[in-house]
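Student: Below you'll find the structure I mean.
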Amino acid sequence: MNSRNPVQTLPSPFTLPPGGQGNPPLTDWAGMFRGGQQQSGTVTKSQRSCSPFTMSVSVLSITRPLSIISGLLQVASLLGLALLLLKAAQLYLRRQRLLKAVQEFPSPPSHWLFGHKQELQKEEELQLLLKWVENFPCACPRWLWGTEVELMIYDPDYMKLILGRSDPKSEGSYRFMAPWIGYGLLLLNGQTWFQHRRMLTPAFHYDILKPYVGLMADSVQVMLDKWEELLSQNSSLEIFGHISLMTLDTIMKCAFSYQGNHQADRNSQSYLQATRDLNNLVFSRMRNVFYQKDIIYRLTPEGRLNHRACQLAHQHTDRVIKMRKAQLQEEGELDKVRSKRHLDFLDILLFAQRENGNSFSDKDLRAEVDTFMFEGHDTTASGISWILYALATHPEHQQRCREEVQSLLGDGASITWDHLDQMPYTTMCIKEALRLYPPVPAVGRELSKPITFPDGRSLPKGFLVSPSFYALHHNPKVWPNPEVFDPSRFAPDSSRHSHAFLPFSGGPRNCIGKQFAMNEMKVAVALTLLRFELAPDPFRVPVPFPRIVLKSKNGIHLHLRKLL
């Protein structure tokens, strides 16, 4: 260093620390790098690792990635915040559009986030619905949550207008049933629905339905024999489970050509349990804002239970399809079936697949089987159970029905197609029970175009509308004293609006199996009244609650007394 120009310089990485003895020879540096013996005054290993050059490299190697990560986190946070604000703005604008759309329809106060959920938790849903029917004429908006609302309608003129249109089923809720029953007649829309409906209509021709009456009677008698055995064991009997087994047995024999007694079959009981679970799970998912996305729902315990229940249901229907296909492959069976004037439900599907395999896949086939297996037994079981409960709570009407059936059938050894139109009072009681307890409480539609109702109020395209049959049937403006069981409402000389009574829906999308269901209800009621006197259990009064099918929260318990 020049003493005349005392300029401070940064230490060289090869400069010895203070107290050293000068620069070592170059050969010593070479030896040092070769790992040779270090001598006094040479740079030690620890000194090299702590040198300023090495330390600066180490600090840079750590701080540079940290600064990059920090920057990325800041960008991600800002991006996330921007997306969150954008989503919040979208939800806010959606809510404002919905508020504007329903401004002509008064409704009870609702929470901006939870909708009417808090009110529904305080009171039974159907009881709360009846209060709304009294206070809000024709229709009432129900907020499921802050950005989801549906207009419940319960006026006959509103019903006629909505059900007469070709609006599709509301995708937002019905799609939750798709993993279970697939896209069959219930969930299909448009031209595909029309093609399937036209294809399956012959399965419900009266020539097909006539011989079913005997099969229905056989299944009912098996159930009644079981009830007789259980009378000594129980003071009262929960009937819904037994009736579900009976209606499943009936639909298996009638629509799917399945032989045997399925009321004692473990597979049938597993299928019914899966159906009960899916009824609850699907309905619960429709009402839960956090379960709307499939990817989230699959990760929840409910989502996993839903998946397992769907598998059980599909195993049952796959077994039915497989067995019928095997039967049709037997020598002579195919020609025998082909020669029939009218084919059974499953045979129509199988022949359609043979002829149009490209346009009617295995997936389409199973969807129709899953749909009718569920709807063909569960809705009918609900109807029969509530009819028997209504007769049990009104013994004077029960006795009058019994006398009518006794005069027609005697001991009930046989019941035929011709008998079903010869029990007018029993039919009136069945219809009045279906008015009070419609098997399907409500359906959903999504408006494909704007609509203006008869009173001038309107809704835009895309709005969700829910025709509530339960509310319609309990509307005091349509049915005076709606909670009173009065079969005379359906006397032959009575008159009413064409859309005041809709236990099987209405319009072009009404229940394709309504005649099948009515026949089965008549057979079950007539044969039951011939063998038992029914009385309610005062300690276990059923509590109706809406699912896909109307159920009782605590079952339907009746006292049975064997008639001599």
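The values are calculated or read from the model by the stated rules, or taken from the named source; none is laboratory data. Keep in mind it's a predicted model, so treat the numbers as computed, not measured. FYI the Cβ positions are ideal-geometry reconstructions off the backbone, even for glycines, and counts take in every protein chain you see. Just so you know, the surface numbers come from the protein's heavy atoms only, side chains and all, with ligands and any DNA or RNA stripped out. Shrake-Rupley method; radii C 1.70, N 1.55, O 1.52, S 1.80 Å.
Student: May I ask you to list the residues in the stretch 533-564 that are surrounded by fewer than 15 Cβ atoms within 10 Å (Cβ to Cβ) and over 26 Å from PHE283 (Cβ atoms)? Talk me through it step by step, then tell me what you get.
Tutor: Restricting attention to the stretch 533-564, the residues satisfying the condition of being surrounded by fewer than 15 Cβ atoms within 10 Å (Cβ to Cβ) are 538-539, 541, 543, 553-554, 561-564.
Passing the criteria: PRO538, PHE539, ARG561, LYS562, LEU563, LEU564.
Student: So GLU396 ticks every box in (1) within 30 Å of ARG489 (Cβ to Cβ); (2) charged (D, E, K, R); (3) buried (at least 20 other Cβ atoms within 10 Å of the Cβ) but one. Which box is left unticked?
Tutor: (3)
Student: Just wondering, is there one or more residues in the stretch 328-335 that are surrounded by 15 or more Cβ atoms within 10 Å (Cβ to Cβ), more than 23 Å from the chain's Cα centre (by Cα) and either assigned to a helix (DSSP H, G or I) or polar (S, T, N, Q) (or both)? I'd like the intermediate steps shown before the answer.
Tutor: Residues of the stretch 328-335 surrounded by 15 or more Cβ atoms within 10 Å (Cβ to Cβ): 328, 334.
Within this subset, residues satisfying the condition of being more than 23 Å from the chain's Cα centre (by Cα) are 328, 334.
Subsequent filtering for residues that are either assigned to a helix (DSSP H, G or I) or polar (S, T, N, Q) (or both) retains 328, 334.
Looking through the stretch 328-335, at least one residue is surrounded by 15 or more Cβ atoms within 10 Å (Cβ to Cβ), more than 23 Å from the chain's Cα centre (by Cα) and either assigned to a helix (DSSP H, G or I) or polar (S, T, N, Q) (or both).
Student: Do the conditions hold for SER414, that is, is it modelled with pLDDT under 95 and small (Gly, Ala, Ser)? Outline the logic, then answer.
Tutor: On the way: modelled with pLDDT under 95: yes; small (Gly, Ala, Ser): yes.
Yes; evaluated as a whole, the condition is true for this residue.
Student: Looking at LEU231, LEU209, LEU188, LEU161 in this structure, which one is touching a residue at least 12 places away in the same chain (Cβ under 8 Å), in contact with a helix residue (DSSP H, G or I) (Cβ under 9 Å, 6 or more places away or on another chain) and of a type outside the set (Asp, Glu)? Outline the logic, then answer.
Tutor: Details: LEU231 fails: in contact with a helix residue (DSSP H, G or I) (Cβ under 9 Å, 6 or more places away or on another chain); LEU188 fails: touching a residue at least 12 places away in the same chain (Cβ under 8 Å); LEU161 fails: in contact with a helix residue (DSSP H, G or I) (Cβ under 9 Å, 6 or more places away or on another chain).
Answer to the selection: LEU209.
Student: Would you please name the residue that is surrounded by the fewest Cβ atoms within 10 Å (Cβ to Cβ), looking only at residues in the stretch 466-503 that are hydroxyl-bearing (Ser, Thr, Tyr) and part of a loop (DSSP other than H, G, I, E, B)?
Tutor: Going through the stretch 466-503, the residues hydroxyl-bearing (Ser, Thr, Tyr) turn out to be 466, 468, 470, 488, 494-495, 498.
Adding the requirement that they be part of a loop (DSSP other than H, G, I, E, B) leaves 494-495, 498.
Details: SER494: 9, SER495: 6, SER498: 10.
My answer is SER495.
Student: Something else about it: Exactly one of these conditions fails for ASP249: (1) surrounded by 20 or more Cβ atoms within 10 Å (Cβ to Cβ); (2) touching a residue at least 60 places away in the same chain (Cβ under 8 Å). Give me its number.
Tutor: (2)
Student: Sticking with this one: When you look at TYR271, is it aromatic (Phe, Trp, Tyr) and more than 26 Å from ILE512 (Cβ to Cβ), yes or no? Show your work before the answer.
Tutor: Numbers: aromatic (Phe, Trp, Tyr): yes; more than 26 Å from ILE512 (Cβ to Cβ): no.
The answer is no for TYR271.
Student: Would it be correct to say that VAL405 is of a type outside the set (Asp, Glu), open to solvent by less than 50 Å² (accessible area, probe 1.4 Å) and closer than 30 Å to ARG165 by Cβ?
Tutor: Working: of a type outside the set (Asp, Glu): yes; open to solvent by less than 50 Å² (accessible area, probe 1.4 Å): yes; closer than 30 Å to ARG165 by Cβ: no.
The answer is no for VAL405.
Student: Let me ask something else about it. In the stretch 371-399, how many residues are outside any helix (DSSP H, G or I) and either under 18 Å from ALA517 (Cα atoms) or touching a Leu at 6+ places or on another chain (Cβ under 6 Å) (or both)? Walk me through it before giving the result.
Tutor: If we filter the stretch 371-399 for residues that are outside any helix (DSSP H, G or I), which is where we start, we get 393-394.
Subsequent filtering for residues that are either under 18 Å from ALA517 (Cα atoms) or touching a Leu at 6+ places or on another chain (Cβ under 6 Å) (or both) retains none.
Final tally of qualifying residues: 0.
Student: Can I ask one more? Output the number of the condition that TYR425 fails; it satisfies all remaining conditions of (1) in contact with a Pro (Cβ under 8 Å, 6 or more places away or on another chain); (2) buried (at least 21 other Cβ atoms within 10 Å of the Cβ).
Tutor: In the conditions (1) in contact with a Pro (Cβ under 8 Å, 6 or more places away or on another chain); (2) buried (at least 21 other Cβ atoms within 10 Å of the Cβ), TYR425 misses (2) alone.
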